[in-house]
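Below: one structure, written as structure tokens.
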Amino acid sequence: MDEVITASDASAAFRSATSEPSIVPSNIPLLSALLSLVLAQFLKIFTSWYKDRRWDSRKMLGSGGMPSSHSATVMALAVSIGLQEGVEASSFAIALVLACVVMYDATGVRLHAGRQAELLNQIVCELPPEHPVSSIKPLRDSLGHTPIQVLAGAVLGCIVAYLMRSSS
């Protein structure tokens, strides 16, 4: 019975009771993560053009390349949660650990698996045509990221999370 309602609580309750439901979700961490993912994938078209001097729209749907969309996504999620709920929140700790695991995996296991696939593809190409393995479809070799690609994705995720937070 001794509950105290502040003006901001009353104002928030009034806004939520009078506002119409929106089609766009208002979950800022989720929106930041998704926007970072889409933006990073879109930027890959331009970074691959800069590197190879040819347009390749398939880069937008593939893994690997600059910037790392995985890093951008998980970093945007972690930063967004940190800005919204504070760095003391358990959800921030979970998101930050997830981001670290994903970024470590991108530069470690996935990068080396891609390099092994590249080497195996080269070996298969050098086999004579009558060899049973010579007609196998090449392995995907663009799997992981260099540390610079991961860093670029992480910075992109931080920027998107900050801009999404300041625009709301």
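The values are calculated or read from the model by the stated rules, or taken from the named source; none is laboratory data. Because the structure is a prediction, the values reported are computed rather than measured. So basically every Cβ, Gly included, is an ideal-geometry build from the backbone, and we count neighbours across all protein chains shown.
Would you point out the residue of the range 98-115, among those that are of a type outside the set (S, T, Y) and at pLDDT 80 or above, that is surrounded by the most Cβ atoms within 10 Å (Cβ to Cβ)? Outline the logic, then answer.
To start, the set of residues in the range 98-115 that are of a type outside the set (S, T, Y) comprises 98-103, 105-106, 108-115.
Applying the additional criterion that residues be at pLDDT 80 or above yields 98-103, 105-106.
Working: L98: 13, A99: 21, C100: 13, V101: 11, V102: 20, M103: 21, D105: 15, A106: 25.
Looking at residues that are of a type outside the set (S, T, Y) and at pLDDT 80 or above, I get A106.
When the range 20-30 is examined, which residues are found to be more than 12 Å from the chain's Cα centre (by Cα) and modelled with pLDDT of 75 or more? So that I can check it myself, show each step before the final result.
Kept after step one, since they are more than 12 Å from the chain's Cα centre (by Cα), are these residues of the range 20-30: 20-29.
Hits for the range 20-30 are S26, N27, I28, P29.
Applying the criterion of being at pLDDT below 80 and of a type in the set (A, V, I, L, M, F, W, C) to the residues of the range 137-167, the residue that is farthest from the chain's Cα centre (by Cα) is L139.
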